[in-house]
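Take this structure first; my questions come after.
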Amino acid sequence: MPATGEIIENRFTAWMDNPNDPTISNKIHAADGAKEYGFQAALVGGVTVYGWCVPTFLQAAGEGWLDHGWVEVNFRRPTYPGDEMTIRAIPQDDGSWGFLAEKQGGEVCIRGQFGLGDAPWIDMFELSKRLPADPPLEQREWLTLENAPVGQDLRTLPLNISADEAREIARKQLRDENPLFVGENPLMHPSTIARHMMSLLSYTVDYGKPSIHVSSHIQNLKRIPTGVPLAVTGHYVKAWADRHHYGAFDGDYLSADGTTEYARIRHTNIFKVAKKDE
C-alpha cells in the first residue's frame, strides 16, 4: 500500500567546525586536500550529511523505523560547508518513501529510499559471525585492489558508545536535539552505524587517506542502546576500479555475545581517490 501523508520537506545548512584544519586525517575533508583531488572546497562527510537526513526519516516513518526499518542512501554530488540543503521525502506506491537532498540551484547531492520492515534487498548481505571481537593489530597491511580481502571476513570490531559520546555526536556533530539521542538514556544515533564502518575496515587494513563515502544500505533491526558492549562483524564483498578504486563490505551490529542483532549495513566507499590530473 502507498506510504501515507504528503511530501515532507525540511531544510538545513551544511557546516564543518574547521574545513581548513590541516590535521584532519582524511584530507578530502580539508580545503587544501580536497582541492588536490579536483573539489572546490572541503567535502562534508557523507555520514554527517546522512545524519542530517535522519529527522526527516523519523518524521515520515515514525520511531518504528529505528526498530525495524531500512534506508538506501547514494551520494551523487559533493556537499560543501555553507550549502543550503533541502531534503524531500516522497511517498511511494509500495509503502516506502523516496528521498533526495538538493542544494541551492537544484543540484541533487543525495538520492535514496527508506521504509519500514525488511528492505527489498535484505537478502543481499554476506554476514560474518566471527565472535568474540578480535584484539587490535600492531600493524595493518595497506589496502589495494590486488590484496583486497574479497570474500573474506574482516576482523571483528569491539564497540561501546557511551551516553556522553552519543549526546556529543548528536549535538555537536549533527545539531540534533531529539530527546531520543540526547536524553537521559540516549540511543546510538542511526548515522553512527555508517560512521563506524570506517572503524571496522581500518581494524583489518590501513587505507584511503583520503577516502570518500559512496553509498550505504542499512537495515535497522532493533534500536541500539548506549553503554552496551557490541561486536561489529564484517565481510568484504567486492573491489573494483573505475578511475577511483572502490570497495564494498557488509557489517553486522551484534551484542558482544552475539545473541542480539541490531543492524546490518552494506557500505561502499572509494578507498583510493584519483587526483584531478590522473
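The values are calculated or read from the model by the stated rules, or taken from the named source; none is laboratory data. Quick caveat: nothing in here was measured; it's all calculated off a predicted structure. Positions of Cβ are backbone-derived with ideal geometry, glycine not excepted, and every protein chain shown enters the neighbour counts.
Which ones in the stretch 114-142 are surrounded by 13 or more Cβ atoms within 10 Å (Cβ to Cβ), out of contact with any Lys or Arg (no Cβ under 8 Å at 6 or more places or on another chain) and farther than 30 Å from Phe57 by Cα?
Selection gives Leu131, Ala133, Arg140.
For (1) farther than 23 Å from His213 by Cα; (2) among the hydroxyl-bearing types (Ser, Thr, Tyr), each residue gets a yes or a no:
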{"position": "Asp83", "(1), (2)": "no, no"}
{"position": "Thr86", "(1), (2)": "no, yes"}
{"position": "Ile122", "(1), (2)": "no, no"}
{"position": "Phe125", "(1), (2)": "no, no"}
{"position": "Leu131", "(1), (2)": "yes, no"}
{"position": "Leu137", "(1), (2)": "yes, no"}
{"position": "Asn147", "(1), (2)": "no, no"}
{"position": "Leu159", "(1), (2)": "no, no"}
{"position": "Ala163", "(1), (2)": "yes, no"}
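Suppose the filter is touching a residue at least 40 places away in the same chain (Cβ under 8 Å) and part of a strand (DSSP E or B); does Leu201 pass it?
Judged against the criteria, Leu201 is not a match.
Which residue, of Val44, Val54, is touching a residue at least 24 places away in the same chain (Cβ under 8 Å), under 18 Å from His217 (Cβ atoms) and under 15 Å from the mean Cα position of the chain (by Cα)?
Only one candidate passes the filter, namely Val54.
Just for the stretch 17-43: of the residues that are among the hydroxyl-bearing types (Ser, Thr, Tyr) and within 17 Å of Asn269 (Cβ to Cβ), which one is surrounded by the fewest Cβ atoms within 10 Å (Cβ to Cβ)?
Only one residue fits best here, namely Ser25.
While we're here: Looking at the structure I just gave you, is Ile169 surrounded by 13 or more Cβ atoms within 10 Å (Cβ to Cβ) and in a helix (DSSP H, G or I)?
Spelling it out, Ile169 is indeed surrounded by 13 or more Cβ atoms within 10 Å (Cβ to Cβ) and in a helix (DSSP H, G or I).
Shifting gears a bit: Out of Trp52, Trp70, report the one residue that is under 21 Å from Ser191 (Cα atoms) and part of a strand (DSSP E or B).
Step by step, each of Trp52, Trp70 is checked, and only Trp70 is under 21 Å from Ser191 (Cα atoms) and part of a strand (DSSP E or B).
Additional query: Among what's in the stretch 221-272 and is in a loop (DSSP other than H, G, I, E, B), among the hydrophobic types (A, V, I, L, M, F, W, C) and over 18 Å from the mean Cα position of the chain (by Cα), pick the residue that is nearest to Ser162 (Cα to Cα).
Going through the stretch 221-272, the residues in a loop (DSSP other than H, G, I, E, B) turn out to be 221-224, 226-229, 243, 256-260.
The next check asks that each one be among the hydrophobic types (A, V, I, L, M, F, W, C); those that pass are 221, 224, 228, 256.
From what's left, over 18 Å from the mean Cα position of the chain (by Cα): 228, 256.
Working: Val228: 8, Ala256: 15 Å.
Checking each candidate, the answer is Val228.
Let me ask something else. Would you confirm, using the coordinates I've provided, whether Asp257 is at pLDDT 95 or above, crowded, with 21+ Cβ neighbours inside 10 Å and either touching a Cys at 6+ places or on another chain (Cβ under 9 Å) or not hydroxyl-bearing (Ser, Thr, Tyr) (or both)?
On the way: at pLDDT 95 or above: yes; crowded, with 21+ Cβ neighbours inside 10 Å: no; either touching a Cys at 6+ places or on another chain (Cβ under 9 Å) or not hydroxyl-bearing (Ser, Thr, Tyr) (or both): yes.
In short, no.
A follow-up question, please. Which residues, taken from the stretch 1-46, are among the β-branched types (Val, Ile, Thr), in a loop (DSSP other than H, G, I, E, B) and within 10 Å of Tyr80 (Cα to Cα)?
Val44
May I ask you to list pairs of residues, at least six apart or on different chains, whose Cβ atoms are under 6 Å apart, with the first in the stretch 136-158 being touching a residue at least 24 places away in the same chain (Cβ under 8 Å) and the second being assigned to a strand (DSSP E or B) and acidic (Asp, Glu)?
Every condition considered, the pairs that remain are Arg140/Asp206; Trp142/Asp206.
Right, something else. So, in the stretch 140-161, exactly how many residues are part of a loop (DSSP other than H, G, I, E, B) and under 26 Å from Ala241 (Cβ atoms)?
12
Next question, about the same structure. Do you know which residues across the stretch 172-189 are surrounded by 15 or more Cβ atoms within 10 Å (Cβ to Cβ) and either in a loop (DSSP other than H, G, I, E, B) or among the hydrophobic types (A, V, I, L, M, F, W, C) (or both)?
Going residue by residue through the stretch 172-189, those that are surrounded by 15 or more Cβ atoms within 10 Å (Cβ to Cβ) are 173-174, 176, 178, 180-182, 186-189.
Of everything in the stretch 172-189, those that are surrounded by 15 or more Cβ atoms within 10 Å (Cβ to Cβ) and either in a loop (DSSP other than H, G, I, E, B) or among the hydrophobic types (A, V, I, L, M, F, W, C) (or both) turn out to be Leu174, Asp176, Asn178, Leu180, Phe181, Val182, Pro186, Leu187, Met188, His189.
Sticking with this one: Being more than 16 Å from the chain's Cα centre (by Cα), closer than 16 Å to Leu159 by Cβ and of a type in the set (A, V, I, L, M) is the filter here; which residues of the stretch 173-190 pass it?
Within the stretch 173-190, just Leu187 meets the criteria.
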